[in-house]
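Enquirer: Pasting a structure below so you can have a look.
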Amino acid sequence: MLFSQDATYYANQVKKGQVTPLELVEAALENIRDLNPTLNAVTTVIAENALQEAREKTALLDKLTPDQRADLPAFYGVPTLLKDLGQLLKGLRSTSGAKILQDFVPDATNHYTQALVDAGFIIVGTSNTPEFGFKGISDSKANGPVQSPFQTGYNPGGSSGGAAAALKSGMVPIAMASDGGGSVRIPASYTGLIGLKPSRGRIIVGPDGYRGWQGATVNFGLTRSVRDTWALLKVLQAEQYEAPFMVPKITQEELTDLKRPLKIAYSLKGVMGQDLGDQARAAILHAKNQLEKLGHNLVEDDPGLDIAKSFKGYYMMNTIEAANMLDGIQESLGRPIQFEDVEPLTWLMSQAGKNVKATALSRVLDEWDQTSVYLEKFFQKYDAIVFPIANGPAPKQGQFDPDQDLIDRIKDIDRLDPDQQQDLLWEYFTPSHNYMGFNSHINLAGQPSIALPLYQTDQGWPIGVQIWSRKGADYLLLQIAKQLEEAGQLKTDIQKV
């Protein structure tokens with residue numbers, strides 16, 4: 001049984017006694033067995049653990065009254081996949097897409113995953129991701145490339161590409177994901193899914209880390225309905241006074257209709273200010289037209305961010321995080337990590353990060369704060385902005401691979417001075433950046449963004465758009481999404497493989 005409905009539907013079916021958690025888990029495991037040889041979306045499966053938990057949850061249902069069943073957690077008995085990157089469940093292998101972590105099994109569950117367990121989910125395995133989530137393409141050397149459910153030979157994006165492929169193909173009814181620079185929104189765009197990047201400080205963190213990528217990264221999920229997104233947000237949001245970032249909890253119990261027309265900007269600029277490609281432009285204009293039909297006031301405008309400066313600072317921060325991470329892994333392995341142990345991009349980032357001055361990092365983080373201030377001023381004029389996610393549909397496998405000359409220079413990175421090392425990183429990312437570099441500045445600034453599947457090309461390829469709003473306005477974004485969904489504009493049906 002492919003999961004053609006959303007997760008809330010199956011949770012309600014469980015509570016009504018029309019399907020059991022055991023039946024749902026058995027279906028998910030069968031789907032993975034059937035589809036994963038083609039899609040390579042799933043890296044680890046814990047069939048026996050999942051089946052045992054499903055049996056226990058099914059047995060409990062027999063002891064409950066209808067009223068007690070109705071009070072069960074929101075996603076009771078629903079199977080899902082964790083992303084194979086930092087979403088830790090005790091005893092479940094977590095590779096981060098890396099060869100050097102193929103045998104890593106965490107000895108504790110982190111707060112994010114525990115919140116999922118408390119919400120009633122049954123975790124059946126982990127989804128494929130690029131090495132350490134550094135790319136917008138899911139094609140790690142350790143676990144292999146993820147294939148698009150629309151056509152093999154194409155990549156569903158990253159770094160939550162495995163989650164996107166698993167959900168869009170109907171393996172599971174909802175899949176967990178994370179976003180540190182577009183890693184929820186890019187796969188959502190390429191596969192026709194809903195992908196919320198919540199406000200910084202919205203989602204529960206710790207205890208393994210409290211400021212992933214200096215606050216740029218947030219765990220969440222990919223969904224096929226607005227109500228799933230809303231329900232997931234409610235179970236994952238937290239006010240944590242021990243955490244460095246926090247926004248007030250959303251207190252509404254229900255996702256209500258918008259009370260007034262909104263003033264919404266839309267941007268037709270490419271990554272570096274050039275014109276958008278024809279297909280991406282068509283997606284933005286389609287979104288504009290649909291929002292206008294719903295009564296909103298759409299105005300062409302752009303925040304005017306210094307994209308090149310923002311991205312260079314973003315990548316610099318990532319190199320520092322990579323260097324720190326590999327130092328920790330090296331210590332746990334008890335041996336030095338060599339070039340051959342990791343992919344060229346990981347080596348480039350970790351080696352360049354060792355030579356960044358503390359003053360440079362301090363300046364970059366200040367620039368992040370100023371970007372956030374700048375965007376908040378922009379949102380004094382507008383309720384939201386419609387922005388591209390990528391300059392076209394899903395790319396071909398290998399489309400952004402570095403050539404051998406670049407790989408050779410990365411291997412010899414120690415011969416370069418610190419500025420040259422950062423320039424080499426910029427050179428590596430430029431091809432993919434020009435195609436899908438619309439996303440990271442909202443991560444470094446901390447505002448929320450939601451990817452919505454509003455448009456398809458004549459060939460049937462999805463191209464999503466994203467909508468940003470002020471910090472803390474996650475609820476407003478979901479209200480806009482709900483309105484579009486009710487108008488029949490969100491194209492989230494599963495893609496049969």
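Enquirer: Enumerate the calculated ³J(HN,Hα) couplings along the range 484-497 in order (Karplus 6.51 cos²θ - 1.76 cosθ + 1.60, θ = phi - 60°), each rounded to whole Hz, writing x wherever the residue is Gly or Pro.
Expert: So the Karplus estimates, Gly and Pro as x, are 5, 5, 5, 7, x, 9, 8, 9, 10, 4, 5, 10, 6, 9 Hz.
Enquirer: Sticking with this one: For the pair Lys99 and Lys309, what calculated FRET efficiency results from E = 1/(1 + (r/R0)^6), where r is the Cβ-Cβ distance and R0 = 30 Å, to the nearest 0.05?
Expert: 0.30
Enquirer: Can you run phi through the Karplus equation (6.51, -1.76, 1.60; θ = phi - 60°) for the range 161-167 and list ³J(HN,Hα) in whole Hz, with x for Gly and Pro?
Expert: x, x, 4, 5, 5, 5, 6
Enquirer: Using label points projected 7 Å from each Cα along Cα→Cβ, tell me how many nm separate Asp278 and Lys141, to one decimal.
Expert: 3.9
Enquirer: Could you tell me which of Thr191, Val226, Gly273 has its Cα farthest along the dipole of the range 178-298 towards the positive end, charges placed at Cβ (Lys, Arg +1; Asp, Glu -1), taken about the Cα centre?
Expert: In the range 178-298, that residue is Gly273.
Enquirer: Under the rule a/c < 1.5 gives rounded, and otherwise a/b versus b/c splits prolate from oblate, where does the range 288-347 land using the Cα gyration tensor? Each step should come with its number before you reach the end.
Expert: Values: a/c = 4.51, a/b = 3.10, b/c = 1.46.
In terms of gyration-tensor shape, prolate.
Enquirer: What are the extents of the Cα atoms of the range 301-450 along their three principal axes, listed from largest to smallest and rounded to whole Å?
Expert: That works out to 53, 38, 28 Å along the principal axes.
Enquirer: Could I ask something else about it? Efficiency by 1/(1 + (r/R0)^6): what FRET value for Tyr374 and Thr457, r their Cβ-Cβ distance, R0 = 45 Å, to the nearest 0.05?
Expert: Details: r = 33 Å, r/R0 = 0.74.
Working from the Cβ atoms, E equals 0.85.
Enquirer: What residues qualify as long-range amide H neighbours of Ser169, i.e. H under 5 Å apart, gap of 5 or more or another chain, H built at 1.01 Å from N?
Expert: Gln495
Enquirer: Moving on to the next point. Using modelled amide H (1.01 Å from N, peptide plane; none on Pro or chain starts), what sits under 5 Å from the amide H of Val218, excluding residues fewer than 5 places away?
Expert: Counting only residues 5 or more places away or on other chains, the set is Asp179, Gly180.
Enquirer: What relative contact order, as a whole-number percentage, does the chain give when Cα pairs under 8 Å and 6 or more residues apart are counted?
Expert: Details: 1078 pairs, mean separation 86.4, N = 497.
Value for the chain: 17 percent.
Enquirer: Give me the number: length gained by fully extending Tyr241 to Gln114, i.e. 0.36 nm times residue separation minus the C-alpha to C-alpha distance, one decimal in nm.
Expert: Full extension from Tyr241 to Gln114 adds 43.9 nm.
Enquirer: Here is a follow-up. Rank the residues Leu452, Leu82, Leu92 as a footprinting-exposure proxy: fewest other Cβ atoms within 10 Å of their Cβ go first.
Expert: Working: Leu452 32, Leu82 29, Leu92 20.
The most exposed by this proxy come first: Leu92, Leu82, Leu452.
Enquirer: How much length would be gained if the chain were fully extended between Leu365 and Asp414, taking 0.36 nm per residue of separation minus their Cα-Cα distance, in nm to one decimal?
Expert: 15.1 nm
Enquirer: What list of ³J(HN,Hα) values in whole Hz, one per residue of the range 445-459 in order, does the Karplus curve 6.51 cos²θ - 1.76 cosθ + 1.60 (θ = phi - 60°) give from phi, with Gly and Pro shown as x?
Expert: Here the 3J(HN,Hα) series is 8, x, 6, x, 8, 10, 8, 10, x, 9, 9, 10, 6, 4, 8 Hz.
Enquirer: Right, something else. Could you list the residues of the range 145-171 with an amide nitrogen less than 20 Å from a label point located 7 Å from the Cα of Thr38 in the Cα-to-C-beta direction?
Expert: 145-157, 161-171
Enquirer: Could you calculate the FRET efficiency of Asn49 with Leu406 from 1/(1 + (r/R0)^6), where r is the beta carbon distance between them and R0 is 35 Å, rounded to 0.05?
Expert: With R0 = 35 Å, the Cβ-Cβ based efficiency is 0.25.
Enquirer: Search the structure for amide H atoms under 5 Å from the amide H of Ile122, placed 1.01 Å from N in the peptide plane, and list their residues when 5 or more places away or on another chain.
Expert: Gly77, Val78, Thr80
Enquirer: Only Lys, Arg, Asp and Glu count, each charged at its Cβ (+1, +1, -1, -1), so figure out the dipole size of the range 17-116 about its Cα centre, rounded to 20 debye.
Expert: Here the size comes out at about 260 debye.
Enquirer: Follow-up. Could you line up Arg260, Arg470 from fewest to most neighbouring Cβ atoms inside 10 Å? Mind showing how you got there, number by number?
Expert: Details: Arg260 8, Arg470 19.
The most exposed by this proxy come first: Arg260, Arg470.
Enquirer: Now for a separate question. For Lys269, list the aspartates and glutamates whose Cα falls under 17 Å from its own Cα; do not include residues on the same chain fewer than 8 positions away.
Expert: Excluding near neighbours in sequence, the set is Asp278, Glu300, Asp301, Asp302, Asp306.
Enquirer: Kindly provide the Kirkwood hydrodynamic radius of the chain in Å, to one decimal, from all pairs of distinct alpha carbon atoms. Numbers along the way, then the final one.
Expert: Numbers: mean 1/r = 0.0442 Å⁻¹.
In the chain this quantity evaluates to 22.6 Å.
Every number in this text was worked out from the coordinates using simple rules, so none of it is lab data. Please read all numbers here as calculations on a predicted model, not as lab measurements. Neighbour counts run over all protein chains shown; Cβ positions are idealised from the backbone, glycine included.
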